[in-house]
Amino acid sequence: MKRLLTYFKFNKTEQNGFFVILVVIILFSIIYSLVSRNDKNDPIVHQARVFEQSFRDSADAVDYPNRKFKVADVHLEKKTAPIDRDIGADDDNRDTKLFYFDPNNLSIDSWRRLGLSDKQIAVIKNYEKKGGRFKNKNDVRKMYSINAKLYEKLEPYIRIQAENIGAGATAKAPLLYDKFETNHAELIDINTCDTTALMSLKGIGTILSKRILKYKEVLGGFYRIEQLKEVYGVTSETYDLIKDYITVSNLEGIKKININQIDANSLGKHPYLSPKDAKLIVNYRDQHGNYTNIEDFTKIGTLSDLAIAKIAPYLIFENDSR
């Protein structure tokens with residue numbers, strides 16, 4: 001036992017060192033305890049809270065470049081529950097009743113019936129409060145509080161009326177594309193129109209209008225408006241903007257190809273057939289005789305059903321009355 005105790009004997013220098021270390025440990029413990037009790041003074045914690053508040057404020061702002069408008073600017077009447085949803089959140093469980101509506105000055109109750117939360121409605125009302133107007137469906141899609149899924153559900157029911165010019169206001173000459181937005185009776189036939197008519201549509205400029213007409217000539221004419229998506233530069237967004245204002249009514253003007261007379265080189269220039277496909281079609285005709293109908297193309301074996309369906313409206317066969 002005495003031998004064990006010898007290990008715990010310290011000289012004067014070792015005792016002083018031990019005392020200093022003990023004091024340092026106690027001081028660090030006290031400082032840590034004080035800091036942990038009041039984390040508001042901790043710069044890291046404070047910065048984290050400032051970032052979190054900034055993020056929440058930005059989520060409540062209208063989707064404007066300057067982000068000045070806050071949801072808090074609008075006081076919604078008849079609130080039945082606290083706002084606890086993020087703007088744009090999916091809300092499949094909320095009861096909705098879809099109906100045709102004009103989003104301009106639509107009442108708060110009507111927005112609620114369409115399935116929007118109070119927070120989403122507040123953003124729209126702030127937009128209107130600052131002078132915002134919905135001139136077309138695309139303006140509704142641009143709202144920060146309306147996500148893509150919600151817009152897809154509402155889009156078929158949006159009916160925006162032509163704005164009435166107020167008393168004393170100066171009437172402005174309507175832009176050419178406004179005519180097609182507000183009057184669906186006047187549709188543009190893409191088989192007979194010119195570049196001027198195409199440029200009256202939103203999203204169509206000089207270059208794109210020329211591309212559309214050039215592609216029409218190469219095809220031999222459009223037989224479905226969806227074919228516009230094949231034109232380079234016509235994005236899905238552009239197509240969505242113009243699809244309600246165009247039509248294909250003049251199918252008689254589509255140029256037909258006599259499949260039993262054309263050569264492989266000429267046939268291969270059509271956008272729906274590659275030079276290889278054209279050569280196979282002509283070779284099969286030379287070996288087995290003239291084609292009688294479009295079903296004969298399935299006997300070639302190398303053409304897909306999609307390719308056959310796309311080229312079919314442009315073909316004519318002997319003794320075919322088309």
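The values are calculated or read from the model by the stated rules, or taken from the named source; none is laboratory data. In this text, all values refer to a predicted model and were calculated from it rather than measured experimentally. In this analysis, Cβ positions are derived from the backbone assuming ideal geometry, glycine residues included, and neighbour counts consider all displayed protein chains.
Each row is one residue, and each column tells you yes or no for (1) at positive phi; (2) of a type outside the set (Gly, Ala, Ser); (3) surrounded by 18 or more Cβ atoms within 10 Å (Cβ to Cβ).
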| position | (1), (2), (3) |
| --- | --- |
| Ser236 | no, no, no |
| Asp240 | no, yes, no |
| Lys243 | no, yes, no |
| Ile259 | no, yes, yes |
| Ala278 | no, no, yes |
| Tyr284 | no, yes, yes |
Residue hits (the stretch 124-154; of a type in the set (A, V, I, L, M), more than 18 Å from Gly203 (Cβ to Cβ) and at pLDDT 85 or above) are Ile124, Ile146, Leu150, Leu154
In the set Gly205, Gly221, the lone residue that is outside the structural domain of Tyr291 (by TED's automatic domain parsing), closer than 24 Å to Ile311 by Cβ and small (Gly, Ala, Ser) is Gly221
Of the residues in the stretch 189-215, those that are touching a helix residue (DSSP H, G or I) at 6+ places or on another chain (Cβ under 9 Å) and within 27 Å of Leu315 (Cβ to Cβ) come to Asp189, Ile190, Asn191, Thr192, Cys193, Ile212, Leu213, Tyr215
Residue hits (the stretch 300-322; more than 17 Å from Tyr272 (Cα to Cα) and either at pLDDT 90 or above or surrounded by 16 or more Cβ atoms within 10 Å (Cβ to Cβ) (or both)) are Phe317
Those residues of the stretch 248-257 which are at pLDDT 90 or above and surrounded by 14 or more Cβ atoms within 10 Å (Cβ to Cβ) amount to Lys256, Ile257
The lone condition Gly220 fails out of (1) within 29 Å of the chain's Cα centre (by Cα); (2) at positive phi; (3) touching a residue at least 40 places away in the same chain (Cβ under 8 Å) is (1)
Residues of the stretch 120-137 being under 14 Å from Ile160 (Cα atoms) and surrounded by fewer than 16 Cβ atoms within 10 Å (Cβ to Cβ), in sequence order, are Arg133, Lys135
Requested in this report: Please verify whether the stretch 274-292 includes one or more residues that are touching a residue at least 24 places away in the same chain (Cβ under 8 Å) and of a type in the set (Asp, Glu).
Outcome: yes
Next item on the list: Within the stretch 92-102, identify whether any single residue is in contact with a Leu (Cβ under 8 Å, 6 or more places away or on another chain) and modelled with pLDDT of 85 or more, and answer yes or no.
Entry: yes
